[in-house]
Amino acid sequence: MTDRTILCFGDSNTHGTRALATLDSQGRFPRAERWPQVMAAELRDGWEVIAEGHPGRTTVFDDPVEGSHKNGLTVLPALLETHRPLDLVIVMLGTNDTKTRFSAPAFDIAKGLERIAATIRLSGSGPDRGAPGVLLAAPVPVVETGVLAPMFAGAAEKSRALAPLLRDVAGRLGTGFVDLGGVAEVDPVDGVHLTAEGQAAIGRAMAGAVQAMFS
């Protein structure tokens, strides 16, 4: 069987960033412990998994503090062309959009994710220039604690409100959907990033969601 190709389009939790004890921490889980690789191991042969996680990545916002290169929508078309043909794009974004600096309600964050999904579907980056499949993942909700708490003030409520809105987006667009809020919890060290156990649990859940979409 020809390999199917999956692009994992996400932020620091797709990158494998460890919880930050200080603002200048730069730790990263070993490759085998990051959820895209855990998912790949669960799927086994016949799947190519490309991890594209950028710390600080937003859906559609230029970051006035960290730079416009954090805007996921801006970089997305180049990534789709780079890795085509793609059978599936998994989108796990939205956490950084809850930062205080963006003043974005959960509804607007979901609309940003809807635009990301529509861009993927219209890209012609699937097999035979068709539309890649899309799996929208509602990220694990934020807890306002640790060194990131000031940056994410008010984010806990918004991140909890995102899953039902994103489920509606997936229903309208006919994409896959998985709610990771019931799969893992954030590391209490910083309230944003995942533990090793959380990375593993998400990798297994993603594998199950992918298999359901392609069964």
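Odds and ends about this structure:
- Selection count where residues are under 22 Å from F152 (Cα atoms) and either surrounded by 14 or more Cβ atoms within 10 Å (Cβ to Cβ) or under 13 Å from the mean Cα position of the chain (by Cα) (or both), scope region 2-27: 13
- Filtering A40, A104 for residues that are surrounded by 15 or more Cβ atoms within 10 Å (Cβ to Cβ) and under 23 Å from K158 (Cα atoms) leaves a single hit, A104.
- Residue selected from region 91-101 under the condition of a type outside the set (S, T, N, Q) and surrounded by 23 or more Cβ atoms within 10 Å (Cβ to Cβ), by the criterion farthest from the chain's Cα centre (by Cα): K99
- Residue that is of a type outside the set (K, R), closer than 30 Å to G46 by Cα and without any contact (Cβ under 8 Å) to a residue 40 or more places away in the chain, where the choices are L122, L113: L122
- A single entry from H54, H69 fulfils the requirement of being surrounded by fewer than 21 Cβ atoms within 10 Å (Cβ to Cβ) and touching a residue at least 24 places away in the same chain (Cβ under 8 Å): H54.
- Looking only at region 87-135, residues that are in a strand (DSSP E or B) and either out of contact with any helix residue (DSSP H, G or I) (no Cβ under 9 Å at 6 or more places or on another chain) or farther than 20 Å from D168 by Cβ (or both) come to 1 in all.
- Residue match in region 160-169 (condition: of a type in the set (V, I, T), modelled with pLDDT of 95 or more, more than 19 Å from G56 (Cα to Cα) and not in a loop (DSSP other than H, G, I, E, B)): yes
- Selection within region 38-86 - acidic (D, E), closer than 21 Å to G203 by Cα and either under 18 Å from the mean Cα position of the chain (by Cα) or in a loop (DSSP other than H, G, I, E, B) (or both): D45, E48, E52
- Taken as a whole, the condition of being touching a residue at least 40 places away in the same chain (Cβ under 8 Å), closer than 26 Å to D62 by Cβ, within 14 Å of the chain's Cα centre (by Cα) and crowded, with 17+ Cβ neighbours inside 10 Å does not apply to P132.
- Test: residue in region 192-205 that is without any contact (Cβ under 8 Å) to a residue 60 or more places away in the chain, surrounded by fewer than 17 Cβ atoms within 10 Å (Cβ to Cβ) and either on the phi > 0 side of the Ramachandran plot or not small (G, A, S) (or both): yes
- Scanning region 180-215 for residues that are closer than 18 Å to T95 by Cα, polar (S, T, N, Q) and over 14 Å from the mean Cα position of the chain (by Cα) turns up just one, T195.
- Long-range neighbours under 9 Å by Cβ, at least six apart or interchain, first residue free of Cβ contacts under 8 Å to residues at least 12 places away in the same chain and among the small types (G, A, S) within region 1-30, second surrounded by fewer than 19 Cβ atoms within 10 Å (Cβ to Cβ) and assigned to a loop (DSSP other than H, G, I, E, B): G27/A21
- Test result for V189, surrounded by 19 or more Cβ atoms within 10 Å (Cβ to Cβ), touching a residue at least 24 places away in the same chain (Cβ under 8 Å), within 29 Å of E33 (Cβ to Cβ) and not basic (K, R): no
The values are calculated or read from the model by the stated rules, or taken from the named source; none is laboratory data. As the structure is a prediction and not an experimental result, all values here were calculated from the model. Every residue, glycine as well, gets a Cβ built from its backbone with ideal geometry; the counts of neighbours run over all protein chains shown.
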